[in-house]
Amino acid sequence: MEPVIITSDAVDLQVAIGSLALQNPVMTASGTFGYGREFESFVDLSRLGAIVVKGISLEPRCGNPPPRIVETACGMLNAIGLENVGVDRFIREKMPYLSGLGVPVIVNILGDCVEEYARLAERLADIAGVSAIEINISCPNVKKGGVAFGTDPQMAAAVTAAVKKSCRLPIIVKLSPNVTDVTLMAKAVEEAGADGVSLINTLIGMAIDLASRRPRLANIIGGLSGPAIKPVALRMVYQVAQVVTIPIIGIGGIASAEDALEFMLAGASAVQVGTANFVNPRASEDVLDGITAYAREQQLSSIRDLIGGLRLG
Amino acid sequence: MSQFQKNVELVRSEVLAQDVIRLTFNAPEIAAAAMPGQFVMVQIAPGQDPLLRRPFSIHQITKDGALQILFKVVGRGTRLLAQVQEGAHLSLLGPLGRGFILAAPEKACLVGGGMGIAPLLFLAGRLSQPVHDGPRPKVILGARNRAELVPLIAAFENIGIKVLAATDDGSFGHHGLVTDVLQGLNLDSAFTVYSCGPRPMMAAINHLCQQQKISCQVSVETVMACGMGACLGCAVALKAGGYAHVCSDGPVFEAGELLWSL
């Protein structure tokens, strides 16, 4: 038999999140890639599937007091406090550069109440270069006693529906792992109109300094990320894939192509590289190169063939 | 702005005093682009634990592309780094951050305490160029004792600088703080003070400089994850409210812009 020769052009890496077509499944995770430009010395940004920018609120936020981060075993805790430049400055100062890259820009949004999310979506709806919205529902709802949107299926659905109504962009809901049953959250936002779900956000954790007997984070608790959380993330992606039909974006400890491909087998249509960007600023492109090499080596006609391709039994 | 991520060879690992380590890397691209006060992020180990790189200010660069860092073993990361064998390769990311704004050497006074001496050697070298026998900056260095301080002073003397020394235990130079020595110099307001060291030391120097209306630049150290403005983990409080980021707004700041507690 003649060997099949597949050139790089022949590797079909395209995936879709609702109506959003991506040249490949590799995105950057919100809060780990700044506003993209910070990485231009290290990454050919135009090669990425999409750039998900740092979470944006209506008003600028200055974040939590330091210390904000602490390293843990194979991971890190952060309590940045949603520091961001606010939507107006984001549009004015960050979008012109981002929209010139020719890559989908997914804007992660956060708010204190449903109305804030809706207003953010309205504000971003017609901005050139904004391709989709990712809703960060891991924020406390100040109008509902500070319970996180992401831990209550009804509140998560309400915020999803409000954002969906406010703009015509594809809506991705970023799920929190700090729940008893993540599939309930996924189903709730799917029913409310989400075009995709991304998971997982960070796991709430804590670290203590024995010598001073004090918490290592000024905020006391923070979000755990990095390779340490990958098995939890994979499990949740797998579980969610069993109950929703909308595309899933896998996040959690992805540092290599192998990690990314495992998420795709578990049911993810795309992935986000997060904490790995801090360690290796070229991580996202390395993951992409590795996926390309794998697809070629396995002679896949499309990377989509891998999605949910986990072999059982 | 040129930044590089390079696997570079550790060509020399020296123990200058107990737990005080100087590493020399062959890192020509980063060395050529570096300015005094900038830093590099060093990957400690190839695996995932410890996960994060560690930030180190650039201690010295040489024309042949060598880049030095200086540190004290204070935890697991620095202990592992101190154990890396010569000839091994490590990933360096840099040069990062905003460095010192250079003043005329005859109007510059460098004040370093402990490992805060690290970025001041590179600065002193740059300020002393290009005239070989030209003016040199004043340099005040402090440490806990003679054993710790003397090896660090040698590198300054090698570039023709006479160092004013202070030790906590009085075993070398002035018995007391670098701040005492600085105060004794009675600098006029045309001077720029460059300082790096423990936070209380820099707070005292800022206080003194404010009183005497002397411009003061400090190099600040914090925990960092990325070193390039993405994680926003390295926040430092500003006098005017809010925070700056040590990696991208600093690590060098005008001392008066920061919030100090004496």
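The values are calculated or read from the model by the stated rules, or taken from the named source; none is laboratory data. Just so we're clear, the structure is a prediction, and the values are computed from it rather than from any experiment. So basically every Cβ, Gly included, is an ideal-geometry build from the backbone, and we count neighbours across all protein chains shown.
Annotations
- Of all residues making up segment A:269-310, the number that are assigned to a helix (DSSP H, G or I) and either closer than 28 Å to B:GLN3 by Cβ or within 14 Å of chain B (Cβ to nearest Cβ) (or both): 15
- Residue count for segment B:232-262, restricted to those that are in a loop (DSSP other than H, G, I, E, B), surrounded by 19 or more Cβ atoms within 10 Å (Cβ to Cβ) and either touching a Pro at 6+ places or on another chain (Cβ under 8 Å) or within 11 Å of another protein chain (Cβ to nearest Cβ) (or both): 6.
- Check on B:LEU182, part of a loop (DSSP other than H, G, I, E, B), over 30 Å from A:PRO60 (Cα atoms) and more than 14 Å from every other protein chain (Cβ to nearest Cβ): no
- Put simply, of B:VAL74, B:VAL84 the only residue that is aliphatic (A, V, I, L, M), within 14 Å of chain A (Cβ to nearest Cβ) and closer than 26 Å to B:ALA154 by Cα is B:VAL74.
- Residue, modelled with the highest pLDDT, within segment B:1-32, restricted to residues that are surrounded by fewer than 16 Cβ atoms within 10 Å (Cβ to Cβ) and within 14 Å of chain A (Cβ to nearest Cβ): B:ASN7
- Of the residues examined, B:GLY229 is one that is crowded, with 17+ Cβ neighbours inside 10 Å, at the interface with chain A (Cβ under 7 Å from one of its Cβ atoms), at positive phi and of a type in the set (Gly, Ala, Ser).
Conditions tested, residue by residue: (1) farther than 27 Å from B:GLN48 by Cβ; (2) assigned to a strand (DSSP E or B); (3) not aliphatic (A, V, I, L, M).
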{"position": "A:MET155", "(1), (2), (3)": "yes, no, no"}
{"position": "A:ALA158", "(1), (2), (3)": "yes, no, no"}
{"position": "A:ARG168", "(1), (2), (3)": "yes, no, yes"}
{"position": "A:LYS187", "(1), (2), (3)": "yes, no, yes"}
{"position": "A:GLU190", "(1), (2), (3)": "yes, no, yes"}
{"position": "A:ALA194", "(1), (2), (3)": "yes, no, no"}
{"position": "A:ALA211", "(1), (2), (3)": "no, no, no"}
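Residue-wise test of (1) in a loop (DSSP other than H, G, I, E, B); (2) under 21 Å from B:PHE71 (Cβ atoms).
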position	(1), (2)
B:LEU149	no, yes
B:ILE153	no, yes
B:LEU164	no, no
B:SER171	yes, no
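- Candidates in segment B:33-51 are the residues that are of a type in the set (Gly, Ala, Ser) and farther than 21 Å from B:GLY97 by Cβ; of these, the one that is surrounded by the most Cβ atoms within 10 Å (Cβ to Cβ) is B:ALA45.
- Residue count for segment B:193-225, restricted to those that are β-branched (Val, Ile, Thr) and more than 14 Å from chain A (Cβ to nearest Cβ): 4.
- Of the residues making up segment A:127-145, those that are among the hydrophobic types (A, V, I, L, M, F, W, C), free of Cβ contacts under 8 Å to residues at least 40 places away in the same chain and over 15 Å from A:SER198 (Cα atoms) are A:ILE127, A:ALA128, A:VAL130, A:VAL142.
- Under the condition of being outside any loop (DSSP other than H, G, I, E, B) and surrounded by fewer than 21 Cβ atoms within 10 Å (Cβ to Cβ), the residues counted in segment A:39-66 number 3.
- Selection status of B:VAL84, over 15 Å from the mean Cα position of the chain (by Cα), at pLDDT 95 or above, aliphatic (A, V, I, L, M) and assigned to a strand (DSSP E or B): no
- Criterion applied to B:LEU96, B:LEU127, B:LEU121, B:LEU90 was being in contact with a strand residue (DSSP E or B) (Cβ under 8 Å, 6 or more places away or on another chain), within 14 Å of chain A (Cβ to nearest Cβ), surrounded by 20 or more Cβ atoms within 10 Å (Cβ to Cβ) and over 24 Å from B:ALA244 (Cα atoms), and the one residue passing it is B:LEU90.
- Residue match in segment A:155-174 (condition: crowded, with 23+ Cβ neighbours inside 10 Å and among the hydroxyl-bearing types (Ser, Thr, Tyr)): yes
- Scanning segment A:216-237 for residues that are outside any loop (DSSP other than H, G, I, E, B), within 22 Å of A:CYS139 (Cα to Cα) and out of contact with any helix residue (DSSP H, G or I) (no Cβ under 8 Å at 6 or more places or on another chain) gives A:ILE221, A:GLY222, A:GLY223, A:LEU224, A:SER225, A:ILE229, A:VAL232.
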